[in-house]
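The values are calculated or read from the model by the stated rules, or taken from the named source; none is laboratory data. These figures come from a predicted structure and were not determined experimentally. A quick note on method: Cβ atoms are made from the backbone with ideal geometry, for glycine too, and the neighbour counts reach across all protein chains shown.
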Amino acid sequence: MELNSDTIMGIVVMPVLFVTMAYVFTMFMHARKNKLKMELHQKLVEKFDNVSELNDFLKSDSGSKFLNSLSMEYVQPKERIMSSITRGLVAGVVGLSFLPIGMMFSGDSKYYYAAGIVLFALGASLLISSWLSYKLSAKWGIIKDAESM
């Protein structure tokens, strides 16, 4: 099998397109789930005739579960920073991998170099952002055990 620019573009573009579509779909479904959840909670609160009934419900075990379900999913700062580091490393490595591919195809090399530079810059910016987030979180006391990382 001969590797030409069309083959490489198919190998690169199709997975990127698939991952992008999957990400957009996931974000859409997450937003829809949160919207339905909030509508359900609103309807439940509207069922109470007066404040005392609502107060009694909130003091019960069911009310406690209801209040816990109202909170949105919270990701710990360390997890968000590690996720950003991972994304930065992946984008940087993928960006660097475009550079040798550009060397293989002299006619279309500018496109591969451009993609490589953009992805590498994206990866570098994510890593810098992660580092800054870590330093500021440690300084502000959001991350308690900053020395252990």
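If you go through the stretch 116-149 and keep only what is touching a Phe, Trp or Tyr at 6+ places or on another chain (Cβ under 9 Å), surrounded by 14 or more Cβ atoms within 10 Å (Cβ to Cβ) and touching a residue at least 24 places away in the same chain (Cβ under 8 Å), you end up with Leu119, Phe120, Ile143.
The single condition from (1) surrounded by 11 or more Cβ atoms within 10 Å (Cβ to Cβ); (2) at pLDDT 85 or above that Met38 fails is (2). The residues of the stretch 103-115 that are loosely packed, with under 12 Cβ neighbours inside 10 Å and closer than 18 Å to Val13 by Cβ, listed by number, are Gly107, Lys110. The one condition from (1) at pLDDT below 90; (2) crowded, with 16+ Cβ neighbours inside 10 Å that Ile85 does not meet is (1).
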